[in-house]
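Shown next, in structure tokens, is the structure this report addresses.
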Amino acid sequence: MSTELKEMLQEEAKKNGRSLNSEIIKRLEDSLGYVGSQSLEERADFMDRLRALEELIDELKSDTHKKTTGE
């Protein structure tokens, strides 16, 4: 993917409140007329949120470890 295209997609994703991955999937679904019980965009959005939660859990574990060990 060209840098210019990626930047355009990132701007659109930001405007639409999506991750770059979710924006790309949404546009592909729209262009293909995808219809399903759970769209690929919803799945990608769920995975983005799941990763964010995993990162938060890791941070909390790290903070707890530091407090209990005095680091």
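Details
- With a simple spin-label model that places each label point 7 Å from the Cα along the Cα-to-Cβ direction, the separation between Leu20 and Lys67 comes to 3.5 nm.
- Angle of helix 40-69 to the longest C-alpha principal axis of the chain, folded into 0 to 90 degrees and rounded to 10: 10°.
- Estimated from helical segments only, the mean residue ellipticity of the chain at 222 nm is -27500 deg cm²/dmol, where each DSSP H run of four or more residues counts as -39500 (n - 2.57).
- Each pair of Cα atoms in the chain enters the Kirkwood radius, and Stokes-Einstein at 37 °C and 0.692 mPa s then converts it into a translational diffusion coefficient of 229 µm²/s.
FYI, it's all coordinate maths here, none of it is from the lab. Given the structure is predicted, the values throughout are model-derived calculations rather than measurements. We place every Cβ from the backbone using ideal geometry, glycine too, and count neighbours over all the protein chains shown.
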